[in-house]
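Worksheet for the structure shown next.
The values are calculated or read from the model by the stated rules, or taken from the named source; none is laboratory data. Fair warning: this is a prediction, and the values are worked out from it, not measured in the lab. Note: ideal-geometry Cβ built from the backbone for every residue, glycine included; neighbour counts use all protein chains shown. Note: accessible area is taken over every heavy atom of the protein model, side chains too, but ligands, DNA and RNA are not part of it. Shrake-Rupley method; radii C 1.70, N 1.55, O 1.52, S 1.80 Å.
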Amino acid sequence: MKRIISPCIIFLSLFLNSCSTDTSISPNSVDQGGISINIDRIHKPANVVSVTAYMIREGFDTLSGSLNLLSDTTADITFNELAAGGWHLKVDAGDEENTIVYAGETDVNILAGITTQVYLTLEPTGAGHGNIYIFVDWGVPSNLNWVDYQYNPILSVEDIPYYTMGVSQAQIMYDENIYKMWFMNLYPDGQGDISYAESNDGFSWQVLLNNPVLSSGEAGSWDDYTVGMGYVFKEDGIYKLYYIGMQEAMTGMRQIGLATSPDGINWTKYPDPVLQGSYNEFFLGVHSVLKIDGIYYMYYDSSPVNSYYDFVINLATSSDGISWNRHFNNPILFADKNWEGISVRYPAVINEENNFKMIYSNGFQNGLGMAYSNDGINWNKEINNPVFDLSKVHNNWTTKISYPCFGKYGNQYRMYYTGTDLNNRWNLAVAVYK
């Protein structure tokens, strides 16, 4: 979507649905439709705190709906049972003093069962600055254009100079003028360890010969069966790796540990898990850790004992990165859409000036969705999810999509992910946002 003058944008997406007739709406029997206006809070101008929409038609009552962008948990204004025919749409955007700072209006012709596009620009009224570009559509996806890299996979089993059944769960950092990758090697019976690779461009990778860089612990330790990839970041010159550890095979409890390193290659583990499993969170996986105003935010997924496929996304916070408190309102994201199945997993979260963006995987491992938040706690899912699925994979190289690693590298958003080749081996790939 194009920007018009103002760098801040609100997107309104309207969807038309065919409904049964209802003579209480009009003296005559008519077809009806419904309009749901979805507001993307992430791109709104800073001074806009409320949006009010009006549907106007001669001979009908004027309908209105409002949304407070600061307090309401929803991101929708919905009008149901609209009579088919010509309506006038008016949208006002107000500030904290209820002053209308942006406004716009247009005629809308609702035809039952017909898909229509409407573009509406809100002009400043004098109290604001710049314009809002609003995209209004009925059933047309927004331009969430992730493009699969044509030479995927970027790292495969054949690239590993030691025996492994697959490579998975990459975490990529641009640091010291090179791209650095930590990833998991997969072995028989669910065992694994963590290795390291480097790249000049983030697409062509060189695996170090002295891998792995993190292995399972000594006999009797909480991670003596396997270690799995989690999340890596650098703070005050020290690399911190949150990882998954297991003491048993695939059905054993998964817990979250921490290791630190001066160079990203030689790691020292904390002796005990920093987030322990429980009956309700038996299988844990850590996928993003952010530090915001001195507080660490850990985004992790979990499922209860004996329910390996029923995952939700949770949040824990910490003042030191070692002692963690689970958020009282967990889970912060759960499966409630048909494309998601019964699970949402692997939250990859970035924060750009308190505009939080999350990419996550569905339970079928065939699609990735996106969600937005202005506090990192309360999330709204993208209405056009999934934003990346098997239909966007180049040359059908994979039959699965999972474990996203989402970030902005220079001026380009990239999404590294894990997929399976025709031999059902896990490999690493990348898609870029265009």
Under 28 Å Cα-Cα from Lys357, which lysines qualify once same-chain neighbours fewer than 8 residues away are excluded? Lys2, Lys44, Lys180, Lys234, Lys240, Lys291, Lys337, Lys381, Lys392, Lys400, Lys408, Lys434
Round to a whole angstrom and tell me the spacing of the C-alpha centers of the range 375-434 and the range 307-342. 20
Here the averaged projected area of the range 227-275, based on the convex hull of its alpha-carbon atoms and given in nm², is 3.5
Hey, what does the equivalent ellipsoid look like for the range 327-434, semi-axes from the Cα gyration tensor as sqrt of 5 times each eigenvalue, largest first, whole Å? 24, 17, 11
What number, in nm² with one decimal, is the all-direction average of the projected area of the convex hull of the alpha-carbon atoms of the range 191-329? 9.6
Please compute the net charge surrounding Asn306, taking Lys and Arg as +1 and Asp and Glu as -1 over other residues with Cβ under 15 Å from its Cβ. -2
Rg to Rh, two decimals, where the range 247-306 supplies the alpha carbon set and Rh follows Kirkwood: 1.03
So, with a 1.4 angstrom probe, what is the percent of accessible area on the range 243-284 that is carbon and sulfur? 51
Using Cα centres only, tell me the gap between the range 172-218 and the range 224-275 in whole Å. 13
Would the range 151-270 count as rounded, prolate or oblate if I go by the C-alpha gyration tensor, calling it rounded below 1.5 in a/c and otherwise prolate when a/b exceeds b/c, oblate otherwise? oblate
If you add up the charges near Gly65, with Lys and Arg at +1 and Asp and Glu at -1, over every other residue whose beta carbon is less than 14 angstrom from its beta carbon, what do you get? -4
May I ask you to compute the full-extension gain from Asp72 to Glu235, defined as 0.36 nm times their residue separation minus their alpha-carbon distance, rounded to one decimal in nm? 55.2 nm
Could I have the simple spin-label model distance between Asp201 and Ile342, label points 7 Å from Cα toward Cβ, reported in nm to one decimal? 4.4
Net charge around Gly252, counting only other residues with Cβ within less than 11 Å of its Cβ (Lys, Arg = +1; Asp, Glu = -1)? -2
Gain upon complete extension [Asp61, Ser391; 0.36 nm per residue less C-alpha separation]: 114.4 nm
